[in-house]
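S.K.: The structure under discussion is supplied below as structure tokens; questions concerning it will follow.
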Amino acid sequence: MTSRTLFSVGGLLTLGAVALASPTFPNRGSAASSGQIPGETAAAFGRYAAVASDATLAELYDPDVFLNVRSLEPRERTVALAQVRAGGTSIRRLRRGQPTGGDIDIPKAWLHHWIGTAFVPSATLDEVLAVAQDYDDHARIFAPDVVHSSILRRHSDTEMLVRLRVRAKRIITVTYETHHEVRYERLTPKRAFSTAHATWVREILDANKPGERQKPEGEGYLWRVRGTWRYEEVDDGVLMENESLMLTRQVPWLLRPIVGPLVRNGPRDGVQKALQAVRREVELRRR
């Protein structure tokens, strides 16, 4: 498997929280205003995604690691695992190939890269995967952010094209329609991961109304979505991780004091909410 294959990878179910933080504003005089993502932006994101892909691959195929939480320093790892076994989530910002502090420089855009770990007690890997792959029911499982999810096309038992629509409201209501190439791989009877790469991202105007229409690529706030889910069955349950990599348009300077924190925290909150939703659904089905 190559880097291109892995980060044909996506952050699928964290998208709803990005919509929560998404402002709508004009972007005059830029390539995005003409429906195109700026070339230097796409190139910089591609370079970072390749580095991130290699790092994720190294963890996935290392039998002593697999989960990102195991790559942490001993004290940090101990704290994180204790936190998730107590019913919480451990959310961490990733900076692949970069210093741990500060932002990664992507021209005209903001990059959001987060990973979270959670634990589902007494569950099996098959039970968790059954929830993850139940796309026809994701609108209920991940409500209220996800309003529609379905499989558009199956390439095989482990590869498919998934349609996802999310809608959320904080400052305003924002709706996005996305298509994701999703792939599952079972490494061992106890370990599996899935990847998803958004091949089509559009903001929807007047959603579910007679005049519903979509913005051209680049005119919306969200530009790229990729991510990975990891699942490992241990003696007393399943450890799972949700990694999300997203690229969004920069917020204008005048709006940053108000909107900036929402945009920055949206993807992080989405990672946490998705983990909590999967755990909640698995526990519900076990009753």
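The values are calculated or read from the model by the stated rules, or taken from the named source; none is laboratory data. Remember, it's a predicted structure, so these values are computed and weren't measured experimentally. We place every Cβ from the backbone using ideal geometry, glycine too, and count neighbours over all the protein chains shown.
S.K.: Can you tell which of L152, L111 is under 16 Å from the mean Cα position of the chain (by Cα) and in a strand (DSSP E or B)?
M.R.: Working: L152 fails: under 16 Å from the mean Cα position of the chain (by Cα).
Among L152, L111, only L111 is under 16 Å from the mean Cα position of the chain (by Cα) and in a strand (DSSP E or B).
S.K.: Check E181 against each of (1) of a type in the set (D, E); (2) over 30 Å from P63 (Cα atoms); (3) in contact (Cβ under 8 Å) with a residue 60 or more places away in the chain and name the one condition it does not meet.
M.R.: (2)
To keep it simple, each residue is scored yes or no on (1) crowded, with 18+ Cβ neighbours inside 10 Å; (2) without any contact (Cβ under 8 Å) to a residue 24 or more places away in the chain; (3) of a type in the set (G, A, S).
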site: R95; (1), (2), (3): no, yes, no
site: I106; (1), (2), (3): yes, no, no
site: A118; (1), (2), (3): yes, no, yes
site: A139; (1), (2), (3): yes, yes, yes
site: A143; (1), (2), (3): no, yes, yes
site: H148; (1), (2), (3): no, yes, no
site: R154; (1), (2), (3): no, yes, no
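S.K.: Counting only residues that are closer than 30 Å to A50 by Cβ and either in contact with a Cys (Cβ under 9 Å, 6 or more places away or on another chain) or polar (S, T, N, Q) (or both), how many does the range 65-98 have?
M.R.: 5
S.K.: Let me ask something additional. Among the residues of the range 73-84, is any under 23 Å from G270 (Cβ atoms), surrounded by fewer than 18 Cβ atoms within 10 Å (Cβ to Cβ) and touching a residue at least 40 places away in the same chain (Cβ under 8 Å)?
M.R.: No, that holds for no residue.
S.K.: Can I ask one more? Name every residue in the range 93-113 that is touching an Asp or Glu at 6+ places or on another chain (Cβ under 9 Å) and either on the phi > 0 side of the Ramachandran plot or at pLDDT 95 or above (or both), in order of residue number.
M.R.: G97, K108
S.K.: Given the condition among the aliphatic types (A, V, I, L, M), in contact with a Lys or Arg (Cβ under 7 Å, 6 or more places away or on another chain) and free of Cβ contacts under 8 Å to residues at least 40 places away in the same chain, answer yes or no: does some residue in the range 198-210 qualify?
M.R.: Yes, there is a match, as at least one residue in the range 198-210 is among the aliphatic types (A, V, I, L, M), in contact with a Lys or Arg (Cβ under 7 Å, 6 or more places away or on another chain) and free of Cβ contacts under 8 Å to residues at least 40 places away in the same chain.
S.K.: Does the range 105-114 contain any residue that is more than 15 Å from L222 (Cβ to Cβ) and not hydrophobic (A, V, I, L, M, F, W, C)?
M.R.: yes
S.K.: Right, next: Output the residues belonging to the range 56-75 that are part of a helix (DSSP H, G or I) and modelled with pLDDT of 95 or more.
M.R.: Taking the range 56-75 and keeping what is part of a helix (DSSP H, G or I), we get 56-60, 68-71, 74-75.
Matches in the range 56-75: T56, A58, E59, L60, N68, V69, R70, S71, P74, R75.
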